[in-house]
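To start, the structure itself, in structure tokens.
The values are calculated or read from the model by the stated rules, or taken from the named source; none is laboratory data. On a predicted model such as this, the values are computed, not experimentally measured, just so you know. Heads up, the Cβs are rebuilt from the backbone with ideal geometry, glycines too, and the neighbour counts pull from every protein chain shown.
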Amino acid sequence: MKRQTLLSVIILIGLVISASIWYGQNHGLLPIAASEEAVLYDKLFSAVIAIAFGLFLIVQGTLIFSLFRFRKRQGDEADGIPFHDNIRLEMIWTAIPTVIVLWVALYSFDVYSTMRGTDALMIAHHMHHHPKSVLVAQTEGPLPDVSSDTVNISVQGMQFAWIFNYPNDITSGELHVPVNKHIHLDLSAVDVLHAFWVPQLRLKQDTIPGSPTHLDFYPTRIGEYPVVCAELCGSYHGGMRTTMIVESEADYQKWLNEQMEVAQADHSPKVATAKMSESEYLAGKLNQPMHHHH
Amino acid sequence: MEATQITNLVSENHRVSANTGEHPDLRIFGLLTFLFSEGMLFVGLFTAYLAFRAIAPEWPPEGTEKLEILLPGINTIILVSSSFVIHQADHAIKEDKLRAVQLWFLATFVMGAIFIAGQLYEYQHLGFGFTTNIFASTFFVLTGFHGLHVIIGLCLIAAVLLRSLQPGHYHSQKHFGIEAASIYWHFVDIIWIVLFLILYIL
Amino acid sequence: MTLAEQPFHESTASIEVSVQERTPWWEYFTFSRDHKVIGIQYLVTTFAFYLLGGALASLVRAELATPDSDLLPPEWYNGSFTMHGTIMIFLWIVPAVTGGFGNYLVPLMIGARDMAFPTLNAIAFWMIIPGGLLLISSFFVGPASTGWTAYPPLSILTEQHAGQALWIFSIIILGTSSILAAVNFIVTIWSMRMKGMGLFDMPLFCWAMLATSVLALVATPVLAGALILLAFDLLAGTSFFNPTGGGNPIVYQHLFWFYSHPAVYVMILPVFGIISEVLPPHARKPIFGYKAIAYSSMMICALGLVVWAHHMFTSGTPDWLRVFFMIATLLVAVPTGIKIFSWLATLWGGKLRLASPLLFAIGFISMFVVGGLSGVMLGSVPIDIHVHDTYFVVAHFHYVLFGGSVFGIYAGIYHWFPKMTGRMLNETWGKIHFALTLIGFNLCFFPMHILGLQGMPRRVAQYDPQFAEINLICSIGAFILALSTIPFIINAVYSWFNGAKAPSNPWKALTLEWTTDSPPIPHNWHGEPPLLVHPYDYGTVDYEKLNQLLADHEASNLVPNH
């Protein structure tokens, strides 16, 4: 390659890399991060989107450049230069993407195993404790942590609401969790597939009738966040959402106590939606305003 | 490309006749390709069976008797033997022994029919129905689809037998139907062997 | 006129094709066994379904223009996106690229008179019509509304019982058609190449069709298995996938995606082949990296069969399984990237004739790369967990399926329309079509990446009002996209009847289909096909000499008129 061309290429690559790094740090595409897992996620995402942006610039740039530089001029009916192989170039554009995807795989594996807990990926552990789950279905990971630092809540998805079950038989349609604690959710579904998703946590898990699943996270930011159903579950799939309230330990306890008092005072089930037919349920749901979340 | 090379290619083509006449009979290749995909249908169903089995706490599920092996075992021997029988017909037609072909095909048909009869007898005497439980359902789907394929095989064999009554229709140089029916029958047999192992032995 | 400018067959222009050698117009409406007729039957039929699928998409986007579910009754909204996806996949892209382009081009490109099994070919096509009509009939009873994925238990418990059943039977018919076509392509490509054309001499489109057909052959039957079991659950009281009866919904997902992931490669590989055929003649350069492109098609075929569970990263899958599928999925990016870079190198240093075929081909590369990059992101388990089942995924697959497959199909239509119909399409309308499609498409689908990342799930009729402005932009884009089909339809219909007569080789291309008339005579060539050059010998061919040889060949084979 000519020295001038080599210099231009180096400068261009430098520009692409700088632009990609900048974009990775400033993409603004994700909602607020409300948990430790989300922070990990965002770092991975930034790295990957930076790479994607760089590749995007290279490909689109080459295309646009070609459109102008190699456009057929009026009257020029000759063919182009017939090069059709360049082993070195082909090796480069095979090797570099391979390295990139393997790096993404490794980094992702690292983030994922941190998110799921260290023994989630121990095959031996799984084969020993849950031989049937090796092939298919259950993601029953570690048993609920009985240490005082873990808050265990069980979650039921049904058409078209979420029900949260807390200790002492407290039930609510809202998910309350204390900040800076390990939260363990046991997920199940009553009728069809649903999926529990909080965008600000970057976590999602299908709820499967007949197969319990779970999610673990560590919320770090007080606030209210949407809980969205992310698996088509019927006519009102879009309306199946509620709120997760991350609050201080004190507020959380206060809320729990309030719920207990209410439960003791009134023995009827907290949420009766499961017994309603679709139309009955809707009569109550239709005019509820959507929560506006950032 | 050099101009002289172009000329050479052209004259080479003029010598060649592959495209102006018949092409070699590709129907066997086609049949084998198609049977591969039929095989994949069974692979999908077998996989479903094995998956259900792997995650069930008990298999067969509580209350369902284990399958008896004697009758299906005899049926297996009959079906597997019939593959050897139909194979004799392949040899026979290559030596223009049409009568022998017809006898071998007839024998295969009878053996296949006995197999189906045996399957129906087993169905009658099972302690469970199609919807009893997941074991029962998969059992019937697997054996049912296989049985369906056997019946199709019997139809093919019958069709070949009928065609063989037309003088000169099958001879040593032209016998696609015989070969095709034979290959199909082997396919049906192989599927049964796998099925028998998975359902009854495993 | 310079030597290179001489069009092919100029010396034979005065020899008329005898009337008996033209395919009569009414044959296109019959059980014809001619691969060219069948190919066009597929293309026209699937395009009609494309318009229907597009109408359904317009309904969906009309609903989504505002945050409330206020346009359609909810079951009908769910039915709209379900049928939209189902029609676009099984009645548009899969049959158009395989049955349409595959059937028309493969025999011509390999120098054969027809496919290996012409009758089977016709049977496969004529299954599309009843399959399609059966699916459409479900609109009269309430269409299936559980997504094109039809996950149980919802698809078993659905109130649209009859519609779901019709959906299942329809897909089984359409899948069978696909399998029969695949058998035909494998045998034809493997065994019917003309003498002198080895595997590495055949056009890359044929490599693509070979890889595609292997995928269809291996994977489609497993879908049939899944749907048969689902049908029994729906109609016969079994519980394969119903937990209340001891079944497991995840088994369905595995069986379904074992087919449906390879299905996306079935939808894109032939289009990769189209691009490899369109770029060289319009850039006047050989394809770069022929062997790499051929091998990468086979690699994508092989890898494509072992990545299916990346659609199940949030489902009932154990962690170690998710990791395995993540690695396999990310690796698929490598052979795909090889193709992209090879195409860029094909354009580099060329003489780009910026007419509609090349515009759409370049548009394909540009859009497909965006889809490919979002695909790599989705391949990472943790990244996918956040965006699974959101509008990010909708953006991804529309970039690869529309930005990829549909742009590529249009490139193919503009490129081969002259050959198929004997008429030239109007170039101005083509450019208008391209511009509107590019703008409408990007306006509609690019913002969806943001919607998904920010928290909007898919398959919903109502959404958080914070997403209202972006959704409105998407709907406007969809509207422009809908309008963009109009210049194309007008162009295609008008040109088919009144367009300028097309010569045999308007693009001066080198593959075999361009060595015969436009449209070709029923048995493709008089005498043997003239295999004189490799398919991508641009820049090294002496066109004058080639012209002469072709003319001589034609003259020596032509039967005198009577």
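Among the candidates B:GLU122, B:GLU38, the residue that is of a type in the set (Asp, Glu) and within 14 Å of another protein chain (Cβ to nearest Cβ) is uniquely B:GLU38. C:VAL264 passes every criterion in (1) among the aliphatic types (A, V, I, L, M); (2) surrounded by fewer than 24 Cβ atoms within 10 Å (Cβ to Cβ); (3) out of contact with any Phe, Trp or Tyr (no Cβ under 9 Å at 6 or more places or on another chain) apart from (3).
Could you check region C:512-526 and list, in sequence order, the residues that are out of contact with any Leu (no Cβ under 8 Å at 6 or more places or on another chain) and assigned to a loop (DSSP other than H, G, I, E, B)? C:ASP517, C:SER518, C:PRO519, C:ILE521, C:PRO522, C:HIS523, C:TRP525 - these are the residues of region C:512-526 that are out of contact with any Leu (no Cβ under 8 Å at 6 or more places or on another chain) and assigned to a loop (DSSP other than H, G, I, E, B). Restricting attention to region C:317-362, the residues that are within 19 Å of C:ILE268 (Cβ to Cβ) and assigned to a loop (DSSP other than H, G, I, E, B) add up to 0. Can you tell me which residues in region B:106-136 are β-branched (Val, Ile, Thr), touching a residue at least 12 places away in the same chain (Cβ under 8 Å) and under 24 Å from C:PHE240 (Cβ atoms)? The answer is B:THR132, B:ILE134. Within region A:68-94, the residues that satisfy the criterion of being closer than 17 Å to C:ALA355 by Cα and not in a loop (DSSP other than H, G, I, E, B) are A:PHE68, A:ARG69, A:ARG71.
Report whether or not C:SER145 is part of a helix (DSSP H, G or I), in contact with a Ser or Thr (Cβ under 8 Å, 6 or more places away or on another chain), under 29 Å from C:GLY79 (Cα atoms) and hydroxyl-bearing (Ser, Thr, Tyr). No: the conditions fail for C:SER145. Within region C:175-196, identify whether any single residue is of a type in the set (D, E, K, R), more than 24 Å from the chain's Cα centre (by Cα) and over 23 Å from C:PRO143 (Cβ atoms), and answer yes or no. Among the residues of region C:175-196, at least one is of a type in the set (D, E, K, R), more than 24 Å from the chain's Cα centre (by Cα) and over 23 Å from C:PRO143 (Cβ atoms), which makes the answer yes. C:CYS301 meets each of the listed conditions (1) within 7 Å of another protein chain (Cβ to nearest Cβ); (2) surrounded by 21 or more Cβ atoms within 10 Å (Cβ to Cβ); (3) touching a Leu at 6+ places or on another chain (Cβ under 6 Å) apart from (1).
Looking only at region C:1-51, residues that are at pLDDT 95 or above and either buried (at least 20 other Cβ atoms within 10 Å of the Cβ) or among the polar types (S, T, N, Q) (or both) come to 15 in all. Selection of region A:201-240 for residues being closer than 21 Å to C:PRO67 by Cβ and more than 8 Å from chain C (Cβ to nearest Cβ) yields A:GLU224, A:TYR225, A:VAL227, A:MET240. Residues in region A:3-40 that are in contact with a Phe, Trp or Tyr (Cβ under 7 Å, 6 or more places away or on another chain) and charged (D, E, K, R): A:GLU36, A:GLU37. Within region C:395-403, identify whether any single residue is surrounded by 24 or more Cβ atoms within 10 Å (Cβ to Cβ) and at the interface with chain A (Cβ under 10 Å from one of its Cβ atoms), and answer yes or no. No - not one qualifying residue is present in region C:395-403.
Taking B:GLN173 as the residue in question, decide whether it is more than 13 Å from chain C (Cβ to nearest Cβ) and over 17 Å from the mean Cα position of the chain (by Cα). Yes, satisfied. Scanning for something in a helix (DSSP H, G or I), small (Gly, Ala, Ser), under 26 Å from C:LEU331 (Cα atoms) and over 18 Å from the mean Cα position of the chain (by Cα), does region C:430-443 turn up at least one residue? Checked against the condition, which is being in a helix (DSSP H, G or I), small (Gly, Ala, Ser), under 26 Å from C:LEU331 (Cα atoms) and over 18 Å from the mean Cα position of the chain (by Cα), region C:430-443 yields no hits at all. Report, by residue number, each residue of region A:55-79 that is within 8 Å of chain C (Cβ to nearest Cβ), touching a Leu at 6+ places or on another chain (Cβ under 9 Å) and either in contact (Cβ under 8 Å) with a residue 24 or more places away in the chain or not basic (Lys, Arg) (or both). The answer is A:LEU55, A:PHE56, A:VAL59, A:THR62, A:LEU63, A:SER66, A:LEU67, A:PHE70.
When each of C:VAL306, C:VAL278 is tested for being surrounded by fewer than 24 Cβ atoms within 10 Å (Cβ to Cβ) and under 23 Å from the mean Cα position of the chain (by Cα), the lone residue that passes is C:VAL306. Within the set C:LYS508, C:LYS501, the sole residue that is farther than 30 Å from C:LEU72 by Cα and either touching a Pro at 6+ places or on another chain (Cβ under 7 Å) or not basic (Lys, Arg) (or both) turns out to be C:LYS508. For residues that are part of a strand (DSSP E or B) and either closer than 23 Å to C:THR244 by Cα or facing another protein chain (nearest Cβ under 8 Å) (or both), scanning just region A:186-200, find the one that is nearest to the chain's Cα centre (by Cα). Among residues in region A:186-200 that are part of a strand (DSSP E or B) and either closer than 23 Å to C:THR244 by Cα or facing another protein chain (nearest Cβ under 8 Å) (or both), the one nearest to the chain's Cα centre (by Cα) is A:TRP197.
The conditions of being of a type in the set (A, V, I, L, M, F, W, C), over 20 Å from C:ILE287 (Cα atoms) and at the interface with another protein chain (Cβ under 7 Å from one of its Cβ atoms) are met by C:LEU229. Any chance region C:177-200 includes a residue that's in a helix (DSSP H, G or I), within 14 Å of chain A (Cβ to nearest Cβ) and either under 30 Å from C:ASN524 (Cα atoms) or not polar (S, T, N, Q) (or both)? Looking for residues that are in a helix (DSSP H, G or I), within 14 Å of chain A (Cβ to nearest Cβ) and either under 30 Å from C:ASN524 (Cα atoms) or not polar (S, T, N, Q) (or both), one finds at least one in region C:177-200, hence yes.
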